[in-house]
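Right, one structure below, let's go through it.
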Amino acid sequence: EAQVTQNPRYLITVTGKKLTVTCSQNMNHEYMSWYRQDPGLGLRQIYYSMNVEVTDKGDVPEGYKVSRKEKRNFPLILESPSPNQTSLYFCASSFGDNPNTEAFFGQGTRLTVV
Amino acid sequence: AQSVTQLDSQVPVFEEAPVELRCNYSSSVSVYLFWYVQYPNQGLQLLLKYLSGSTLVKGINGFEAEFNKSQTSFHLRKPSVHISDTAEYFCAVSNDYKLSFGAGTTVTVRA
């Protein structure tokens, strides 16, 4: 089954404790991206990757890091989480090196930073 | 820079009535336009997209949208809604590599 898998689905952590949210897709898509969803703000793009070893900042990259060492994986790293990073996070992938085809979304990761 | 404005945050509608969700965008260059739907506790899925060609775009589940370049709008419509259309709807615009979403419109369908 074609899918984007995020782990964990739920995470509660403390301020300053480094964490990684994993994202994996099995569709051989080149383009992958991370978004955060906050009430009243919709989804905002954090980082995106057009292919292996090619990443760039989205609209809200501060406090986040990403890497794309393999085509299928695109982890999101929070080196020192803060409460304002409490949010619902989505990973998505698309065929081709841009988001102009259909984006396939993961189920989301709900992160709470206390 | 590009941005998306969804003009209605909440739209209540009765079952079998029509619905229209309004979306305006701004961009200095040509864009690609999308509508995504998010059902409760799920990720987003694509309803329809406009890349080029006919300005009337048909999508899944009976939805359609019309691209109006002069008004920079991409409104979503469905002539008759079902209870199962209760969800949050997002308009999005893409320019090259970035995808920008609107704040979302919550549609609640009542019997």
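Throughout, read-outs are computed from the coordinates displayed, never taken from laboratory work. These numbers were taken from a predicted model, which means no experiment stands behind them. All Cβ positions, even for glycine, are placed from backbone atoms using ideal geometry, and neighbour counts span all protein chains on display.
What the table shows:
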| item | result |
| --- | --- |
| Out of A:ASP97, A:ASP56, sole residue that is assigned to a loop (DSSP other than H, G, I, E, B) and over 11 Å from the mean Cα position of the chain (by Cα) | A:ASP97 |
| Extreme residue, farthest from the other protein chains (Cβ to nearest Cβ), among residues of region A:86-99 that are polar (S, T, N, Q) and in contact (Cβ under 8 Å) with a residue 40 or more places away in the chain | A:SER87 |
| Search result, residues across region B:77-95 that are assigned to a loop (DSSP other than H, G, I, E, B) and either surrounded by 15 or more Cβ atoms within 10 Å (Cβ to Cβ) or of a type in the set (Gly, Ala, Ser) (or both) | B:SER80, B:VAL81, B:THR86 |
| Test: residue in region A:59-82 that is of a type in the set (Lys, Arg), within 11 Å of another protein chain (Cβ to nearest Cβ) and assigned to a strand (DSSP E or B) | no |
| Candidate set from region A:100-114 (those that are among the hydroxyl-bearing types (Ser, Thr, Tyr) and farther than 16 Å from A:PRO83 by Cβ); member that is nearest to the other protein chains (Cβ to nearest Cβ) | A:THR101 |
| Candidate set from region B:96-108 (those that are surrounded by 20 or more Cβ atoms within 10 Å (Cβ to Cβ) and part of a strand (DSSP E or B)); member that is farthest from the other protein chains (Cβ to nearest Cβ) | B:VAL107 |
| Filter result for the condition that a residue is free of Cβ contacts under 8 Å to residues at least 60 places away in the same chain and away from chain A (no Cβ under 14 Å), over B:ALA65, B:ALA17 | B:ALA65 |
| In region A:11-63, residue surrounded by the most Cβ atoms within 10 Å (Cβ to Cβ) [restricted to those that are among the charged types (D, E, K, R) and within 23 Å of B:GLN6 (Cα to Cα)] | A:ARG36 |
| Count of residues meeting criterion [under 25 Å from A:GLN3 (Cβ atoms), hydroxyl-bearing (Ser, Thr, Tyr) and more than 10 Å from chain A (Cβ to nearest Cβ)] in region B:20-62 | 1 |
